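One structure below.
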Amino acid sequence: MVESDRELSSMAQALWDNDVNRLQPGKDYRISLQGKAGEMAMNDDNDGAGFPLFTFVDENIFKKETFLAFISLLDNYVSDTGEPEIVTPEEEAENHKFLDSLVQTPTMKIAHKYLVEKHLSPENEKDFKKQLYRIWFELYARKGSSRPDSSGFEHVFVGETRGGRTVIGFHNWIQLYLQEKLGHIDYKGYSVNANSPQPDENKHIMALQFSWKNGIKPKGSIFIGVSPEFEFALYTLCFLSSPNERVKVQFSLYDVEIVCHHYNQKHIGTTYPMLVRYQNPTH
């Protein structure tokens, strides 16, 4: 393991240990893995799951400040790439409110402190929030579009559609749960390949296949049950501190690759976790 990855692993562990708002599998939420997804689910014959992924979520968690602020952002976007995004003053205010709540959390404070030590982020909180805004919320034109139609936040946390048939991005469990509850998501089953272990309903990472609106996400990988601040802190750390597009980190029970594609070095193109293996618990 290269030195930078080892350092990021210990940071990821610190973020994990301080993620006070993380939900407990089996207690705060329950998922039902069901069957393995087909190779390509362009038709419903490949559906490996007859029921929703989420069987229960304690929605009291959504009243917590960061969750509440995060959820308010999910309806601010047009999903189709190529459709220019118009950010209203209200939406901009919601973005700022979310970042305000984020920087107050233990996980984001830990990430900020580390980034300041590495001279990757400004120490001043106001300037740090400006940096986060640029990385996550500033609009840019995704491939094939002439006008700003996307942002790191929209792609990673909300999801987008390309040509109406393909779902791109969409790596967040809260959005998945809320969209599934509305009937917009059809969970098709979990994904495994030669390099990834069988998913576990009591663990916090899984790869899956689903359709959303009229499009399909052949394979997506997400954290489940973690707080928005944990994901923001971890992804921001990887984006700013690693030039590599794949960062290997080990924390808690997981060996994970964090895939992080930059857009013009200024914005996040996409980022998500890929489970490499479960570690054996030491106790």
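Among all residue pairs at least 6 apart or on different chains, which show Cβ distances below 7 Å where the first residue, located in the stretch 55-79, is over 29 Å from residue 163 (Cβ atoms) and the second is assigned to a strand (DSSP E or B) and among the aromatic types (Phe, Trp, Tyr)?
Within 7 Å, the pairs are 56/29; 57/29; 58/29.
What helices (runs of 4 or more DSSP H), lying completely within the stretch 80-194, carry at least 3 residues that are within 24 Å of residue 61 (Cα to Cα)?
Once the helices (runs of 4 or more DSSP H) in the stretch 80-194 are filtered for at least 3 residues that are within 24 Å of residue 61 (Cα to Cα), what remains is 89-103, 106-117, 173-181.
May I ask you to list the residues in the stretch 231-256 that are open to solvent by 10 Å² or more (accessible area, probe 1.4 Å) and more than 23 Å from residue 154 (Cβ to Cβ)?
Across the stretch 231-256, the qualifying residues are 241, 243, 244, 248, 250, 252, 253, 255.
Could you say whether any residue in the stretch 206-221 is in a helix (DSSP H, G or I), small (Gly, Ala, Ser) and modelled with pLDDT of 90 or more? Show your work before the answer.
The first filter runs over the stretch 206-221 and keeps only residues in a helix (DSSP H, G or I), leaving none.
No: the stretch 206-221 contains no residue that is in a helix (DSSP H, G or I), small (Gly, Ala, Ser) and modelled with pLDDT of 90 or more.
Quick check on this structure: which one of 22, 6, 30 is modelled with pLDDT under 95 and either basic (Lys, Arg) or part of a loop (DSSP other than H, G, I, E, B) (or both)? It would help to see each step written out before you state the result.
Details: 22 fails: modelled with pLDDT under 95; 30 fails: modelled with pLDDT under 95.
That would be 6, the only listed residue that is modelled with pLDDT under 95 and either basic (Lys, Arg) or part of a loop (DSSP other than H, G, I, E, B) (or both).
The values are calculated or read from the model by the stated rules, or taken from the named source; none is laboratory data. All values reported here derive from a predicted model rather than from experimental measurement. A quick note on method: Cβ atoms are made from the backbone with ideal geometry, for glycine too, and the neighbour counts reach across all protein chains shown. Ligands, DNA and RNA are excluded from the accessible area calculation, which covers all protein heavy atoms including side chains. Shrake-Rupley method; radii C 1.70, N 1.55, O 1.52, S 1.80 Å.
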